[in-house]
Amino acid sequence: MSRLVVLDTPALYYRSFYALPSSITASDGTPVGALRGLLDTIAGLAEDLATTRIVAAMDGDWRPSFRTAILPEYKAQRVQDEETGSETPDDLKPQIPLIREALRLAGVPVLEIPDTEADDIIGSFAAQMGPDDELVVVSPDRDLISVLRADRRIQLHRPRPKGQWAPLTYADVPAEYGVKGGEPYRQMAALRGDPSDGLAGVPGIGEKTAAKLLTGYGGLDELFRAAYSGAKDHGLSPKRAAALIEHEDAVRRAEEVMTVLQDIDVLPAAGDAAGVPQRMNSEALIAFGARWGAERATARLVRALGDEAPPAPDEPSPAAGRQSRRDQLPEFAGPSWTTAELWGFDLETTGLDPQTVHVVTAACVRLGRVDGCIQPLEIRTWLADPGIEIPEAASSVHGIASDYAHKHGADRTAVVTEVIACLDSIRRRGGCVVGHNIVYDLTVLEAERRRLGLSTAVADVLPPIFDTLVLDREIDRFRRGKRTLSDLCAAWGVELDNHHDALADAAAAGCILWAMADKHEAIAKGSGAQLHAAQIEWKRAQAADLEEFLRSKGRRATINPDWPLEILS
């Protein structure tokens, strides 16, 4: 029997909701980022795992009464609507019924039990599957490590950088977390605490210390006996022993709350999962995607799960060749982005990996027509002390040396905060932002934001984004040669002085966009939101095309389709 995939559906659609910009909407303005992200996730998993046996586990109640009876604080801080007790953000609420409908049309069984969480359904699958069955649990939630068992073939697939998923098995837990399997992991988590779930833990005991104590003494009961007896080995100091004794009740309650149910009748759903291709209504699913601005996501889902795959609306069949989509830029109906503020944006950094580098310089420049020419109307620039030495390879590109940045640069936290605030200000005024390969710059900014502990996520403040790299690849797909910023300037007749200066590069990207609009009415007519949404689909298609091309040359590679910023783990 093929492997069974069980989705922690709420955790996955929340992940997509917060990872993708709120500007992703259907034609009527309904937010659909979480919908699209979830459908792409399911399709990608089906392709990667070579299975159509998928079950979607849902929350019957995200704060079950049996858990809040044990610990009233359980997830209490997440409540956004005191009247209804809901944690669901307003922009996500209309998407949940759409997600349910998409799953129904796709033929994916949805399992939802009153007064339980999706975790309980997953725990029941883990307990009830046979020893020869293969179960893949898909969730970003580390708490589900607790369902991994020595006597079952279970993998937990967790998100990794660049849109990838990595499996974790029972055998992997000791090396990853320092404890021996699922149950010890739950005990470690109870000691460590989890503020997002309202679990306080023991002050002064973090994950590594908790793992060392549990491994040394053999379990939670043995650890508390050691604390009461005055033992002092395995890292158990008198101070830690006193903290354990003081907080024992909270730890015991937390462990009980984190223990998932195992007795929900889930096996009928496992049987239903075998019939996903037969139950799928592919025509209705494609029509659903067209209605809600998720054409490519639903088409990909049909290809991954269905018996046959009709092409998505406005998407050519493979026999039509690559030329057809190039010649079919969509017809947008304004109001045109050309009537709004347009800002060029660029960063210069300490290296190439957007998830690890630090910001050195940043620039935002507002551009507009003056006497028929594109001119800078407003400029903002920043120089940051990156807090590390700037590698010579990076300095040779942008010309900023470590000594200069350390002496003249502003605090990195202040710079990142101000740049994010600048993007938010542009969004609030109805403006748009353009950059070349801007997915790099925005991913750098979000990674820096997370490292610095800043609260405002980049995705939450993004105005409509234009990426000259994505646009150029869609407009002129068969032009030979590279597509660096300097190459595009040459192709579109834009002068570029002082290349790799953030301000010069930001202005050049804006001038390229205006040149594109002058030559292609379809680009000029669209609103910022329409073109932003279109570029998400174009980037996915371009990544798939490149993968196909590389395969035709005998090379295998995974091209990240994320846009306008990479999804970070």
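By the rule of a C-alpha distance below 23 Å, with chain neighbours fewer than 8 residues away ignored, the lysines paired with Lys212 are Lys180, Lys232, Lys239. Within the chain, antiparallel bridges make up roughly 55 percent of the DSSP beta bridges whose residues both belong there. Per residue, the convex hull around the alpha carbon atoms of the chain comes to 175 Å³.
The angle between the Cα long axis of helix 248-258 and the main principal axis of the chain comes to about 60°, on a 0 to 90 degree scale. With 0.36 nm allotted per residue and the present C-alpha distance subtracted, the Leu454-Asn498 stretch has 12.6 nm of extension available. Rounded to the nearest 10 degrees, the inclination of helix 207-217 to the longest alpha-carbon principal axis of the chain is 20 degrees. With both labels modelled 7 Å from their Cα along Cα-to-Cβ, the Glu378 to Ala50 distance reads 5.6 nm.
The distance between label points at Asp487 and Glu112 comes to 4.8 nm (points 7 Å beyond Cα on the Cα→Cβ vector).
Where only DSSP H runs of four or more residues are counted, the chain gives -13500 deg cm²/dmol as its mean residue ellipticity at 222 nm, each run worth -39500 (n - 2.57). Could you compute the net charge surrounding Ala401? Neighbours are other residues with a C-beta less than 11 Å from the C-beta of Ala401; K and R count +1, D and E count -1. Net of charged neighbours comes to -2.
For segment 337-552, the alpha carbon positions stretch 47, 46, 34 Å along the principal axes, listed from largest to smallest.
Using the Cβ-Cβ distance between Asp172 and His406 with R0 set to 51 Å, the FRET efficiency works out to roughly 0.80.
Sequence-distant contacts, meaning Cα pairs under 8 Å at least 6 residues apart, place the relative contact order of the chain at 15 percent.
Principal-axis analysis of the Cα atoms of the chain puts helix 182-192 at an angle of about 80° to the longest axis. Any chance you could check the Cα centroid distance between segment 450-470 and segment 542-569 for me, in angstrom? Comparing the Cα centres of segment 450-470 and segment 542-569, I get a distance of 21 Å. Among residues other than Arg153 with Cβ under 10 Å from its Cβ, the summed charge is -1 (Lys and Arg +1, Asp and Glu -1).
Site pair Glu547 and Ala414 shows an inter-label distance of 4.5 nm when each label is modelled 7 Å from Cα along Cα→Cβ.
Assuming a ≥ b ≥ c are the square roots of the Cα gyration tensor eigenvalues, decide whether segment 17-63 counts as rounded (a/c under 1.5), prolate (otherwise, with a/b larger than b/c) or oblate. Here segment 17-63 falls in the oblate category. Among the trypsin sites (Lys or Arg not before Pro) found in segment 1-84, those both in a DSSP coil and sparsely packed, with 16 or fewer other Cβ atoms within 10 Å of their Cβ, are Arg3. Taking a quarter of the surface of the Cα convex hull of segment 183-258 gives a mean projected area of 4.2 nm². How high is the relative contact order of segment 337-552, in percent, with contacts defined as C-alpha pairs under 8 Å that are six or more residues apart? Taking the mean separation of contacting Cα pairs over the length of segment 337-552, I get 24 percent. Counted without the sites themselves, the longest stretch of the chain free of GluC sites (Glu not before Pro) in a DSSP loop having at most 12 other beta carbon atoms within 10 Å is 84-307. The count of lysine pairs in segment 337-552 with alpha-carbon distances below 30 Å, taking only pairs 8 or more places apart or on different chains, stands at 5.
Every read-out reported here was derived from the displayed coordinates using simple, explicitly stated rules and does not represent laboratory data. The shown structure was predicted, so the numbers you read here are calculated from the model rather than taken from an experiment. Neighbour counts are summed over all protein chains in view; Cβ atoms, including those assigned to glycine, are modelled from backbone coordinates with ideal geometry.
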